[in-house]
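Asker: Once you've had a glance at the structure underneath, I'll fire off some questions.
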Amino acid sequence: MITAAQMRAARALLGIDQRQLAELSGMSLPTIQRMEASEGNVRGVVETLTKVIEAFNRAGVELIAEDAASYGGGRGVRFKESAPRPD
């Protein structure tokens, strides 16, 4: 699963907007907007989520699941489990 916050953060790292992500993933702009407007985990068809994750991977951004190891060799940012999250 990915979160809406991960999607927004990944776009920010790449310096792209929602329209560009839609093009990279082969999804419509309204679909990307709906995904990013989700609370918490993005809900959607597995195929759609997979296309977005693959688009980020091709662009050079790895989305890391909670409690998962990162196998990439690049720099990154990750929430600490114990860190309080701003409201």
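The values are calculated or read from the model by the stated rules, or taken from the named source; none is laboratory data. None of these values were measured; they are calculated from a predicted model. Please note: Cβ atoms are built from the backbone with ideal geometry, for glycine as well, and neighbour counts cover all protein chains shown. With ligands, DNA and RNA removed, areas are computed over all heavy atoms of the protein, side chains included. Shrake-Rupley method; radii C 1.70, N 1.55, O 1.52, S 1.80 Å.
Asker: Here is a list: Ile2, Ile53. Which entry is at pLDDT below 90, out of contact with any Lys or Arg (no Cβ under 9 Å at 6 or more places or on another chain), open to solvent by less than 90 Å² (accessible area, probe 1.4 Å) and not basic (Lys, Arg)? Lay out the reasoning, then the answer.
Answerer: Details: Ile53 fails: at pLDDT below 90.
Every option except Ile2 fails the conditions.
Asker: When you go through (1) touching a residue at least 24 places away in the same chain (Cβ under 8 Å); (2) in contact with a Leu (Cβ under 8 Å, 6 or more places away or on another chain); (3) not small (Gly, Ala, Ser) one by one for Arg11, which number turns out not to apply?
Answerer: (1)
Asker: Which of the following residues is among the charged types (D, E, K, R), more than 14 Å from Leu63 (Cβ to Cβ) and open to solvent by 30 Å² or more (accessible area, probe 1.4 Å): Arg11, Arg19?
Answerer: Details: Arg11 fails: more than 14 Å from Leu63 (Cβ to Cβ).
On inspection, the qualifying residue turns out to be Arg19.
Asker: Within the range 56-79, how many residues are open to solvent by 100 Å² or more (accessible area, probe 1.4 Å) and on the phi > 0 side of the Ramachandran plot?
Answerer: Pass one, the range 56-79, residues open to solvent by 100 Å² or more (accessible area, probe 1.4 Å): 58, 66-67, 71, 75, 77-79.
From the residues that got through so far, the ones that are on the phi > 0 side of the Ramachandran plot too are 67.
Residues that pass the stated criteria total 1.
Asker: Oh, and also: Tell me which residues, restricted to the range 16-43, are small (Gly, Ala, Ser) and over 13 Å from the mean Cα position of the chain (by Cα).
Answerer: Listed by number, the residues that qualify are Gly26, Ser28.
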